[in-house]
Amino acid sequence: MAYMKSFLSSNPRDAGLYTAKVTLASQDSNYDSPVLEDLVWTIQPAVVPALKGDATNDGAVDILDLVSIIDYIVSNTSPASPTNADANGDGTVDIMDLVWIIDQIVGS
Ligand SMILES: [Ca+2]
């Protein structure tokens, strides 16, 4: 009777590339264990939710985001996170996003 063993290369709870080796074994001394290829899989990092208004993508909503959006409006310089720059989520980056961010800064 053959059975299966699996050995993980490391703890597969964190993002990264993992391999596992599968070995078939038996108490029967005549059993010739087949050579199996290592199992390889990748765990992707969790998707970090976008922070509305964080145009600079530095994890905070502050005056630097206002500057980044103004740069975009005035000189078409793309913000680090165009998705976050669309703070009000209407599909465009414009003065209404500045108002949204100012409301967040003043309101907090
Ligand atoms: Ca917008």
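Taken together, the values in this text are just the output of simple stated rules run on the coordinates, not laboratory data. Note that the coordinates shown come from a computational prediction; the quantities given were computed from them, not determined experimentally. Glycine also receives a Cβ, built like all others from the backbone with ideal geometry; neighbour counts cover every protein chain displayed.
Scanning region 69-85 for residues that are of a type in the set (A, V, I, L, M, F, W, C) and within 15 Å of the ligand (Cβ to nearest atom) turns up 69, 70, 73, 85.
Residues are listed down the side, and each one gets a yes or a no for (1) closer than 18 Å to residue 91 by Cα; (2) in contact with a helix residue (DSSP H, G or I) (Cβ under 8 Å, 6 or more places away or on another chain); (3) among the polar types (S, T, N, Q):
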| residue | (1), (2), (3) |
| --- | --- |
| 25 | no, no, no |
| 30 | no, no, yes |
| 35 | no, no, no |
| 41 | no, no, no |
| 45 | no, no, no |
| 51 | yes, yes, no |
| 54 | yes, yes, no |
| 64 | no, no, no |
| 67 | no, no, no |
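Restricting attention to region 52-98 and to residues that are in a helix (DSSP H, G or I) and acidic (Asp, Glu), the residue that is surrounded by the fewest Cβ atoms within 10 Å (Cβ to Cβ) turns out to be 71. With respect to the conditions (1) more than 13 Å from the ligand (Cβ to nearest atom); (2) touching a Ser or Thr at 6+ places or on another chain (Cβ under 9 Å), residue 66 falls short on a single one, namely (2).
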